[in-house]
Every structure is written in C-alpha cells, then in structure tokens.
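Structure first, then comments.
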Amino acid sequence: LGVIHEALADGSSDPRRQLSFASLAELPPPATPPLRTLGILNLDGYYYPTQPGDVNDLRTWCRVSESLVDDPEYTCELPLRHDGGTPCDGGATCDEFGAAYAVIGDKGGQFTFHVSETPTNAWNDTDLISPLEKAVKHFLEEDDIKAITCNVGFCAELQPMVLNVTASIQQDPSSTAKLKPMLLGSPALLPVFTGVFRATGEDHEKLLLQPDERILIITSYYPALDTTQLDAIIQDVGIRSNVPIPTATDLEHARLLIEQYFGIKALPGQGDAALSILRQLYRLYDSSKPDELNSLLYLANRTVVIGWNDMEGYIPVDQGGGFHNVNLTLSNYYSLVNDTIANITRDGFTLKAIVMESTEMPAHSNKVRMDFGVPVFDISTVGRCVMSAADTFRPIGVNDLFLALFRNPAFRDCITRLFDASFIEPKFGTQADGTLRFYEGLPQDVVDALTCTGGRPPLPSKPIGRLMQNYDPGYGAKFPVDPICYQTPICRCPGTTTRNEGCAGWCPGSANCGGGSFGNQNNQNESGYPCGVRGELCTTLLDVPVLESTTFNADSVYAFQCMNPNEPTNA
C-alpha cells in the first residue's frame with residue numbers, strides 16, 4: 001500500500017501535494033498477486049493514534065509483523081490466514097485482506113467529525129458531493145479495491161448521496177469504474193434483520209427480527225443539540241414518513257417523542273442517542289416505498305440505543321481524537337449495558353443482537369459477546385462481509401447497489417456465520433483465555449496512562465498505538481498530516497481521559513485540528529476547530545489557542561475543568 005501519489009485527485013499542480021500511502025494507482029509490477037483491499041472513506045481532519053480493532057489500523061484487517069508497527073508503509077504479514085490460522089489464498093473467503101483510504105474532503109467541502117455529528121448537515125450537504133465523488137471514483141476505478149466502507153458510523157446516512165455520485169461516475173464514458181459492494185458503517189447492517197431485504201433459506205431465517213426481539217445499538221456519540229436542531233431532524237423524519245409530530249422542546253421531550261412516534265427506546269437522559277440512530281435509519285430506507293417504510297418502522301420499534309461518549313476509557317474518541325483505552329472501557333462498561341438489557345428483559349423481550357456503531361469499538365466486541373451471550377456486529381463485521389461478496393456481486397445497476405448486497409449469498413453467509421455469540425475475533429480484543437490482545441502483561445499504572453502516551457507503554461513493551469505521524473489520511477489528502485495535529489493540550493483536562501483526572505502534559509491526538517470539538521474547545525474566544533480542519537491555521541504550537549482554566553466545550557455534556565493548564569512551549 002505504500003506508494004507515492006498526487007495528493008489531489010484532480011491532478012492539479014497545487015504546491016501542497018505531498019506523499020500519501022493510500023493510492024494503489026502507481027504500484028510497480030508486483031512480485032506476488034496484488035492484495036485484495038478494502039477501500040475505506042475517511043473523515044477529513046480526524047487523525048488519531050490507531051490500535052488493533054480501529055477501522056484505520058491495518059492490524060484490524062490482517063496480521064502485521066511487530067517490527068513494522070511504526071513503519072508508515074506497514075503491510076499484511078504473508079501468507080494471509082483464516083481465523084483458525086490456516087493459510088488462505090487471499091480470495092473472497094479469506095478472513096484477512098488489506099486496507100486503503102480516501103478522504104472525503106477538498107477545498108470545496110469537508111466531511112469532518114463536526115459535519116458527521118450534526119443532524120441537519122451531512123446527508124444533504126451539497127458541498128460534500130464533489131469530494132465524495134472523487135473518493136468513490138478512486139475506489140471504483142482501482143482493481144485491487146474490492147469493496148468499500150467508511151471510517152465513521154455516522155457515514156451510513158451518506159448512502160443516498162453515494163448512490164447519486166456513483167450514478168454520475170457511471171455516466172462518465174472515460175471512467176473505468178466498476179460497481180462494488182459497499183456499506184458505509186455498521187448501522188447500515190440493520191436492514192439484514194428486516195423482511196424487505198430478506199433472502200430465502202433456513203440459515204438466513206435466524207437473522208429475521210421477531211416481534212418479541214430487540215436490537216441494542218451502542219453509539220459513541222450523541223451530540224449536544226439545541227431545540228431547533230433536534231426538532232428539525234424529528235420533523236424531517238416525520239414528514240418523510242407522513243407522521244405529524246409535535247415540536248420537541250428539549251432532549252428529554254425528544255426522547256419521549258421518538259419512542260412514542262417511532263418506537264426507538266433510550267434510557268432517560270439519552271434522547272440524543274436515540275436521535276442519532278433515528279436519522280441514520282431513515283437514510284437506509286426509501287420511506288416513499290410502502291414495503292421499505294413498513295420495514296423501517298418495524299425495525300425502529302424494536303431498537304434500543306445507548307451512548308458511550310461519556311464512558312471512561314472511550315471519552316478520547318469524541319474529545320480530541322486521542323487514544324481510547326480499551327482496558328479501561330471494558331472495566332467500566334458493564335453496568336450500563338447490563339441495566340439496559342435488564343430493562344429489555346423486564347419488558348418481556350429478548351435481546352437478539354448488539355450493533356456497535358463506532359468504528360473504534362471492535363476491540364470491545366469479544367468481551368461483550370462473552371459477558372452477555374449475544375451476537376455483536378461492528379465495523380470489522382462490515383468489512384469482512386462486504387469483502388466476501390466482491391467476487392459474486394452482480395447488481396443490475398446503481399439503484400440496485402444495496403439491495404444486491406443484502407441478497408448476495410456470500411454476504412448473507414458471512415453475516416450468518418458471524419451471527420454467533422461464541423465468535424471470538426482472533427486479531428484483537430479479549431481472547432478465550434481472558435487476556436486482552438496487545439495489552440497483555442502491562443502494569444496497571446501503565447495501562448491507566450495509555451491515553452496520555454498514545455498507547456505506547458515504555459520499553460521493552462511493544463507499542464499498541466501507532467505514531468501520529470504515520471496516520472494515513474488517505475487519497476486526496478497530504479501525508480504526513482500537519483505536525484500541529486500530532487498532539488494536544490486538551491487531554492490535560494479531567495474528563496478527557498477519565499472522569500477524574502487528566503494527563504500531566506500534552507498527548508497524542510488531533511484536538512488542535514479536526515479531531516477536536518467545534519468551537520469553544522480551549523477557550524471562549526474560539527470558533528471552528530482550534531487550528532483548522534487540517535492544521536492550516538497554526539504555524540507552530542505557539543499558535544494553538546491557549547487552554548484556559550475552565551474551557552467551554554460546546555459539544556460536551558460537561559465543562560472541562562483544567563486547573564493548571566500548561567503553555568504550548570511545554571509540549
């Protein structure tokens with residue numbers, strides 16, 4: 001995957017062209033057959049120290065030699081293998097494959113974390129059409145890219161826009177694009193549980209959601225919304241489904257309205273979690289078609305949602321693009337999930353499956369399966385199964401893209417195989433012997449500090465997190481990313497690493513750039529991202545807006561208290 005290409009897809013002579021390691025276009029003649037590769041659409045400006053299980057880490061998709069973890073051109077260890085350890089030929093049934101990235105962003109529009117989390121923006125943001133088309137076109141024209149997904153769960157609501165840009169690409173007589181299986185996030189898997197896309201066969205019957213069954217969705221982010229925003233998305237969904245809905249006055253009222261009119265349940269205080277899933281569900285179906293609307297309402301009425309953005313260990317995902325501490329999260333998550341499942345059971349229902357929305361959640365999935373005895377789907381499931389469909393994917397046309405995938409026998413066989421509470425992902429996460437892969441043998445004080453160190457314990461221990469300078473932003477962006485985006489002071493604030501304490505100094509993460517919160521992150525005078533989406537507004541660390549004693553984070557459920565903020569010169 002480590003090749004040099006022009007940073008801009010349009011081939012212009014912009015002086016900001018740099019190296020990237022996402023394009024396959026200029027590979028020299030390979031000595032071995034080219035690696036089957038999953039194409040992953042990237043957020044713009046959100047960079048982080050990845051670890052196994054993260055969508056942006058190659059170790060999620062294949063084994064990588066320990067000696068290559070800090071190599072910007074790290075590659076899959078060959079031969080590729082099945083989960084059981086036996087070698088495979090790299091075909092569609094192989095459980096390992098490569099990964100390549102393309103950014104959704106150019107000077108006309110950028111798919112940032114802020115855009116993805118804002119309910120009234122992403123799905124109809126016309127500024128995203130051009131960068132999305134460039135990224136999708138790149139993947140559809142590259143022969144070694146066999147399937148496509150996205151590096152943020154909220155990307156699922158872009159699927160209608162992806163259909164439109166794919167149709168445009170297909171109409172270009174000069175394009176060599178080929179239709180490929182694509183599914184933009186684990187929430188986009190939800191239709192496999194409904195009748196509208198159901199295939200035939202006894203094995204597939206077990207996927208169908210029964211009236212007394214429920215799906216639990218664990219989402220990483222539920223944004224702080226004002227009443228205008230939350231009412232806008234509820235009313236939009238109501239109009240599309242011909243349901244007149246009262247005006248929402250606050251988040252708790254929104255939670256009750258969503259449950260009353262659409263059936264999606266969330267615990268008190270998590271109305272915005274329900275809202276985030278509601279908007280995604282209504283982009284996965286065409287509600288103008290009676291059968292799809294009925295399936296959507298059926299699914300919504302059997303969906304329960306909880307949020308993890310305030311979960312110890314997981315907070316850095318939404319606050320600063322930092323290293324999320326899997327060990328710490330798994331030590332704290334149980335009661336929230338257990339209480340939610342207990343509520344489902346008390347209501348007389350059975351939990352059918354859990355869907356992990358965030359693309360940084362897969363490292364938790366094994367433990368969740370073990371603890372609760374239910375199947376768990378996540379972005380690694382999506383990646384595996386869209387890749388399995390590649391060789392037999394035969395859509396009639398662009399409008400048949402998603403229907404053809406859900407009815408593809410190889411895709412459904414993959415989903416059915418992974419619909420197994422006893423499944424253990426061998427490449428990362430908690431293993432059968434109880435050990436957490438890549439965290440084994442670390443002293444507790446070292447584990448507790450992993451967000452502060454970017455997942456890099458002291459030698460001789462092996463690094464878990466990759467170096468920020470090796471983060472691959474993808475085709476259409478510059479590599480390496482701007483050094484301003486490598487580290488952030490925001491982790492010094494209690495609440496960004498755990499609820500009670502922060503780091504002693506700056507730590508790896510992109511909070512200065514698109515990984516941070518949008519507006520009022522470091523102080524009251526900020527607007528937008530502290531140093532711009534890609535770091536373009538700051539020349540040196542001295543330009544990073546000063547972190548005040550009390551910061552006012554507009555996207556946070558609490559105000560950070562930084563009693564002893566350090567200055568940029570101490571980074």
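Pairs spanning more than 26 Å between alpha-carbon atoms, out of K146/K427; K134/K427; K427/K462: K134/K427.
Quick check of the Kirkwood formula: for segment 465-533, what is the inverse mean of 1/r over all pairs of different Cα atoms, in Å?
With all distinct Cα pairs of segment 465-533 included, I get 12.8 Å.
Accessible surface for segment 45-145, divided over its residues, is 34 Å² per residue with a 1.4 Å probe. Accessible surface computed residue by residue for segment 429-488, with neighbouring protein chains in place and a 1.4 Å probe, gives 42 Å² per residue.
The Cα atoms of segment 55-147 cover 47, 27, 23 Å along the three principal axes, with the biggest extent listed first.
Over all directions, average the projected area of the Cα convex hull of segment 428-512 and note it in nm². Taking a quarter of the hull surface, the average projection is 7.1 nm².
The values are calculated or read from the model by the stated rules, or taken from the named source; none is laboratory data. Predicted model only: the values in this text are computed from it and were never measured. For the accessible areas, the whole protein counts, side chains as well, though only heavy atoms, and no ligand, DNA or RNA atoms are used. Shrake-Rupley method; radii C 1.70, N 1.55, O 1.52, S 1.80 Å.
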